[in-house]
Amino acid sequence: MEIPGLVEITSYDELRDVVPPPVARTRDKARPALHELDRQWLAASPFCLVATSAADGTCDVSPKGDPAGFTTVLDDTTIAIPERPGNRRLDGFRNILSNPHIGLIYLIPGRGDTLRINGRARLVKDAPFFDDMIVKGHRPVLAVLVEIEEIFHHCSKAFLRSQLWKTETWDPEVIPSRPRIAKALERQEDDLATLEEYYGPSYSNGLYAS
């Protein structure tokens with residue numbers, strides 16, 4: 001796409017001309033292993049974003065959520081994330097098979113700061129720690145094992161700017177409902193009433209059904 005007046009940045013030096021270097025405490029805050037405060041954060045977090053990239057560079061970011069503490073800490077440099085029943089696209093998992101690099105952001109509802117973890121991932125289909133990941137009778141069929149390379153806490157500026165946790169800014173009706181989006185984009189053959197029933201109150205009953 002050609003955009004008149006667009007000035008692209010094509011080198012690191014150009015980038016630094018626009019964004020000055022960080023202060024030393026920010027530049028050097030990444031650590032190679034979990035601190036006790038990181039363990040506490042993981043124990044309190046019910047949600048994370050998982051970023052992966054295939055060998056050809058195609059990318060994916062997938063949300064993962066479970067009761068708080070769903071990520072199992074195996075030691076100071078290893079964590080495991082259980083997989084639950086989902087859409088079965090396997091976008092991120094396919095990426096891991098060709099490129100193990102992974103990025104994670106852990107959120108705690110109401111908190112603006114986040115915990116970031118970068119490392120290398122493997123897919124495992126069984127391990128003794130799977131027994132510690134059972135939720136509502138569901139034992140995961142696989143998990144993502146992450147060997148931590150760097151970990152650090154990220155400030156809350158993005159959440160403050162977006163006012164993400166301020167309930168008075170929430171407006172879930174600002175765009176069409178999930179059933180209407182599905183009808184328009186994914187399931188044109190289904191009538192709206194069927195989709196509204198599917199995505200209705202009973203939808204949460206199948207969260208842990210295989």
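What follows draws every value from the coordinates through simple rules; no lab data is involved. All of these numbers come straight from a predicted model, not from anything done at the bench. Don't worry about glycine lacking a Cβ; one is built from the backbone with ideal geometry, like all the others, and counts go over all protein chains shown.
Along the axis of the charge dipole computed for the chain (Cβ charges of +1 for Lys and Arg, -1 for Asp and Glu, origin at the Cα centre), the listed residues 69, 152, 142 are led at the positive end by 69. Stretching residue 171 away from residue 91 to a fully extended chain increases their span by 25.8 nm, per 0.36 nm per residue minus the current alpha-carbon distance. For the pair residue 14 and residue 149, label points projected 7 Å from Cα toward Cβ lie 2.6 nm apart. Label reach from residue 30 (point 7 Å along Cα→C-beta): in the stretch 119-160, amide nitrogens under 18 Å belong to 119-121, 146-155.
The helix-only estimate of mean residue ellipticity at 222 nm for the chain, built from DSSP H runs of length n ≥ 4 each weighted as -39500 (n - 2.57), is -6000 deg cm²/dmol after division by the residue total. Comparing 63, 46, 179, which has the greatest mean-square fluctuation in the GNM of the chain with Cα pairs linked when under 10 Å apart? For the chain, modelled as a Gaussian network with Cα springs under 10 Å, the answer is 179. When the C-alpha to C-alpha distance is required to be over 31 Å, the pairs from 64/157; 29/166; 157/183 that qualify are 157/183.
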